[in-house]
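Have a look at the structure below before the remarks.
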Amino acid sequence: MAMAWIWTGMVAASVLYGAGNGTIGAVGNAAMEGAGAAVELCLSMAGVMCLWSGIMEVMKASGMMDGLSRLFRPFLRRLLPGACQDLDTMAALSGNMSANLLGLGNAATPLGIQAARRMARGCGGVAGDELCTLVVLNTASIQLLPTTVAGVRAALGARSAFDILPAVWMASVLSVSAGLLAAKIFARIWKD
(Lines give C-alpha, C1' and ligand atoms only; values in the text may rest on other atoms or scores of the structure.)
Protein backbone atom coordinates (compact mmCIF):
# COMPACT_ATOMS: atom_id res chain seq x y z
CA MET A 1 0.00 0.00 0.00
CA ALA A 2 2.86 2.38 0.80
CA MET A 3 4.38 1.86 -2.65
CA ALA A 4 1.06 2.83 -4.25
CA TRP A 5 1.17 6.14 -2.40
CA ILE A 6 4.81 6.70 -3.32
CA TRP A 7 4.22 6.04 -7.04
CA THR A 8 1.07 8.17 -7.03
CA GLY A 9 3.00 11.00 -5.36
CA MET A 10 5.81 10.75 -7.89
CA VAL A 11 3.40 10.85 -10.84
CA ALA A 12 1.44 13.74 -9.34
CA ALA A 13 4.64 15.71 -8.65
CA SER A 14 5.82 15.12 -12.24
CA VAL A 15 2.53 16.25 -13.73
CA LEU A 16 2.36 19.34 -11.49
CA TYR A 17 5.97 20.26 -12.23
CA GLY A 18 5.43 19.76 -15.96
CA ALA A 19 2.27 21.87 -15.89
CA GLY A 20 3.99 24.61 -13.90
CA ASN A 21 7.04 24.59 -16.19
CA GLY A 22 5.06 24.45 -19.40
CA THR A 23 6.53 21.04 -20.31
CA ILE A 24 3.46 18.87 -19.73
CA GLY A 25 3.79 17.53 -23.29
CA ALA A 26 7.32 16.28 -22.53
CA VAL A 27 6.04 14.64 -19.34
CA GLY A 28 3.34 12.84 -21.34
CA ASN A 29 5.82 11.75 -24.01
CA ALA A 30 8.25 10.46 -21.39
CA ALA A 31 5.45 8.51 -19.72
CA MET A 32 4.44 6.89 -23.02
CA GLU A 33 8.06 6.04 -23.93
CA GLY A 34 8.63 4.56 -20.48
CA ALA A 35 5.49 2.45 -20.73
CA GLY A 36 6.53 1.17 -24.16
CA ALA A 37 10.03 0.31 -22.97
CA ALA A 38 8.58 -1.50 -19.93
CA VAL A 39 6.33 -3.63 -22.14
CA GLU A 40 9.24 -4.49 -24.46
CA LEU A 41 11.45 -5.47 -21.53
CA CYS A 42 8.70 -7.60 -19.97
CA LEU A 43 8.10 -9.46 -23.23
CA SER A 44 11.78 -10.14 -23.80
CA MET A 45 12.19 -11.24 -20.16
CA ALA A 46 9.23 -13.61 -20.44
CA GLY A 47 11.20 -15.81 -22.84
CA VAL A 48 14.23 -15.93 -20.57
CA MET A 49 12.11 -16.71 -17.50
CA CYS A 50 10.27 -19.46 -19.37
CA LEU A 51 13.56 -21.00 -20.47
CA TRP A 52 15.09 -21.11 -16.98
CA SER A 53 11.86 -22.12 -15.28
CA GLY A 54 11.65 -24.96 -17.80
CA ILE A 55 15.22 -25.98 -17.02
CA MET A 56 14.30 -26.00 -13.33
CA GLU A 57 11.31 -28.25 -14.05
CA VAL A 58 13.54 -30.62 -16.04
CA MET A 59 15.97 -30.66 -13.11
CA LYS A 60 13.09 -31.54 -10.76
CA ALA A 61 11.82 -34.31 -13.05
CA SER A 62 15.28 -35.81 -13.55
CA GLY A 63 16.12 -35.81 -9.85
CA MET A 64 18.95 -33.29 -10.23
CA MET A 65 17.11 -30.84 -7.96
CA ASP A 66 16.91 -33.49 -5.23
CA GLY A 67 20.64 -34.09 -5.59
CA LEU A 68 21.35 -30.39 -5.34
CA SER A 69 19.05 -30.18 -2.32
CA ARG A 70 20.95 -33.04 -0.64
CA LEU A 71 24.14 -31.03 -1.03
CA PHE A 72 22.59 -28.16 0.95
CA ARG A 73 21.19 -30.25 3.79
CA PRO A 74 24.37 -30.40 5.93
CA PHE A 75 24.82 -26.64 5.58
CA LEU A 76 21.16 -25.96 6.39
CA ARG A 77 21.19 -28.32 9.37
CA ARG A 78 24.03 -26.33 10.93
CA LEU A 79 22.53 -22.96 10.04
CA LEU A 80 18.85 -23.69 10.80
CA PRO A 81 18.79 -26.70 13.16
CA GLY A 82 15.24 -26.14 14.43
CA ALA A 83 13.71 -25.75 10.98
CA CYS A 84 15.48 -28.82 9.65
CA GLN A 85 13.71 -31.12 12.10
CA ASP A 86 10.60 -30.96 9.88
CA LEU A 87 11.09 -32.78 6.56
CA ASP A 88 8.64 -30.58 4.63
CA THR A 89 10.35 -27.42 5.85
CA MET A 90 13.73 -28.93 4.99
CA ALA A 91 12.51 -29.76 1.46
CA ALA A 92 11.21 -26.21 0.96
CA LEU A 93 14.46 -24.73 2.31
CA SER A 94 16.59 -26.94 0.07
CA GLY A 95 14.50 -26.15 -3.00
CA ASN A 96 14.63 -22.46 -2.17
CA MET A 97 18.42 -22.53 -1.87
CA SER A 98 18.72 -24.48 -5.14
CA ALA A 99 16.54 -22.02 -7.03
CA ASN A 100 18.44 -19.06 -5.58
CA LEU A 101 21.73 -20.68 -6.55
CA LEU A 102 20.50 -20.79 -10.15
CA GLY A 103 19.36 -17.17 -9.98
CA LEU A 104 15.69 -18.09 -10.28
CA GLY A 105 14.20 -15.72 -7.73
CA ASN A 106 10.71 -16.23 -9.18
CA ALA A 107 10.95 -19.97 -8.58
CA ALA A 108 12.64 -19.53 -5.18
CA THR A 109 10.04 -17.17 -3.76
CA PRO A 110 7.14 -19.67 -3.35
CA LEU A 111 9.49 -22.18 -1.72
CA GLY A 112 10.88 -19.50 0.59
CA ILE A 113 7.37 -18.41 1.58
CA GLN A 114 6.38 -22.03 2.23
CA ALA A 115 9.44 -22.55 4.44
CA ALA A 116 8.86 -19.25 6.27
CA ARG A 117 5.21 -20.13 6.97
CA ARG A 118 6.21 -23.49 8.36
CA MET A 119 8.96 -21.92 10.46
CA ALA A 120 6.60 -19.22 11.78
CA ARG A 121 4.18 -21.73 13.30
CA GLY A 122 4.02 -21.27 17.04
CA CYS A 123 6.07 -18.06 17.02
CA GLY A 124 3.18 -15.96 18.32
CA GLY A 125 3.64 -13.35 15.61
CA VAL A 126 7.31 -12.69 16.41
CA ALA A 127 9.98 -13.84 13.98
CA GLY A 128 12.54 -16.13 15.57
CA ASP A 129 16.27 -16.11 14.89
CA GLU A 130 16.02 -18.89 12.30
CA LEU A 131 13.24 -17.15 10.39
CA CYS A 132 15.32 -13.95 10.32
CA THR A 133 18.28 -15.99 9.07
CA LEU A 134 16.08 -17.40 6.28
CA VAL A 135 15.12 -13.87 5.25
CA VAL A 136 18.80 -12.90 5.18
CA LEU A 137 19.66 -15.95 3.05
CA ASN A 138 16.90 -15.11 0.58
CA THR A 139 17.74 -11.43 0.43
CA ALA A 140 21.47 -11.91 -0.11
CA SER A 141 21.28 -15.24 -1.93
CA ILE A 142 24.42 -16.78 -3.37
CA GLN A 143 23.99 -17.14 -7.12
CA LEU A 144 26.00 -19.48 -9.26
CA LEU A 145 24.14 -18.44 -12.43
CA PRO A 146 22.44 -15.01 -12.22
CA THR A 147 19.89 -15.94 -14.88
CA THR A 148 17.45 -13.09 -14.25
CA VAL A 149 20.14 -10.41 -14.41
CA ALA A 150 21.67 -12.07 -17.47
CA GLY A 151 18.23 -12.12 -19.06
CA VAL A 152 17.80 -8.38 -18.49
CA ARG A 153 21.28 -7.76 -19.88
CA ALA A 154 20.52 -9.88 -22.96
CA ALA A 155 17.19 -8.11 -23.47
CA LEU A 156 18.96 -4.76 -23.38
CA GLY A 157 21.54 -5.85 -25.96
CA ALA A 158 24.58 -6.98 -23.97
CA ARG A 159 27.07 -8.90 -26.13
CA SER A 160 27.87 -11.39 -23.39
CA ALA A 161 25.12 -11.49 -20.79
CA PHE A 162 27.08 -13.76 -18.43
CA ASP A 163 30.38 -11.83 -18.40
CA ILE A 164 29.38 -10.53 -14.96
CA LEU A 165 29.84 -13.94 -13.30
CA PRO A 166 33.03 -13.23 -11.28
CA ALA A 167 31.58 -10.00 -9.89
CA VAL A 168 28.27 -11.70 -9.06
CA TRP A 169 30.03 -14.58 -7.31
CA MET A 170 32.17 -12.25 -5.21
CA ALA A 171 29.25 -9.95 -4.36
CA SER A 172 27.06 -12.95 -3.49
CA VAL A 173 29.59 -14.50 -1.14
CA LEU A 174 30.31 -11.17 0.53
CA SER A 175 26.64 -10.24 0.94
CA VAL A 176 25.65 -13.63 2.36
CA SER A 177 28.64 -13.65 4.71
CA ALA A 178 27.91 -10.14 5.95
CA GLY A 179 24.20 -10.89 6.31
CA LEU A 180 24.73 -14.12 8.22
CA LEU A 181 27.32 -12.49 10.48
CA ALA A 182 24.93 -9.61 11.22
CA ALA A 183 22.04 -12.04 11.87
CA LYS A 184 24.16 -14.06 14.32
CA ILE A 185 25.41 -10.92 16.10
CA PHE A 186 21.91 -9.47 16.45
CA ALA A 187 20.57 -12.83 17.62
CA ARG A 188 23.14 -12.81 20.44
CA ILE A 189 22.53 -9.17 21.33
CA TRP A 190 18.76 -9.61 21.69
CA LYS A 191 19.04 -12.89 23.61
CA ASP A 192 21.00 -11.24 26.40
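Quick rundown of the values:
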item: Relative packing of peptides 98-109, 126-137, 34-45 - highest average C-beta neighbours within 10 Å first; result: 98-109, 126-137, 34-45
item: Heavy atoms of residue 153 accessible to a 1.4 Å probe, total area in Å² rounded to 10; result: 70
item: Amide N proximity, the range 166-192 versus residue 126 label position 7 Å along Cα-to-Cβ, cut-off under 17 Å; result: 186-192
item: Difference of contour (0.36 nm per residue) and Cα-Cα distance, residue 19 to residue 64; result: 10.4 nm
item: Accessible carbon and sulfur surface of the chain relative to its total accessible area, %, 1.4 Å; result: 69
item: Whole-Å distance, taken between Cα centres, linking the range 164-192 and the range 114-160; result: 13
item: Shape call, the range 1-126: gyration tensor on alpha carbons, a/c limit 1.5; result: oblate
item: Positive minus negative residues near residue 67 (Lys, Arg vs Asp, Glu; Cβ under 13 Å); result: +2
item: Listed residues 83, 13, 158, most fluctuating in the chain (Gaussian network, C-alpha, under 10 Å); result: 13
item: Solvent-accessible area per residue for the chain (1.4 angstrom probe, square angstrom); result: 63
item: Residue 167-residue 135 FRET efficiency (beta carbon distance; Förster radius 22 Å; 0.05 resolution); result: 0.35
item: Kyte-Doolittle mean at least -1.0, axial Cα span of 27 Å or more - DSSP H helices of the chain; result: 2-21, 24-62, 165-191
item: Efficiency of FRET from Cβ geometry, residue 159 and residue 117, R₀ 45 Å, rounded to 0.05; result: 0.60
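The values are calculated or read from the model by the stated rules, or taken from the named source; none is laboratory data. This is a predicted model, so every value here is computed, not measured. Quick reminder, even Gly has a Cβ in these numbers, built from the backbone with ideal geometry, and neighbours come from all protein chains shown. Surface areas here come from the heavy atoms of the whole protein model, side chains and all, with no ligands, DNA or RNA. Shrake-Rupley method; radii C 1.70, N 1.55, O 1.52, S 1.80 Å.
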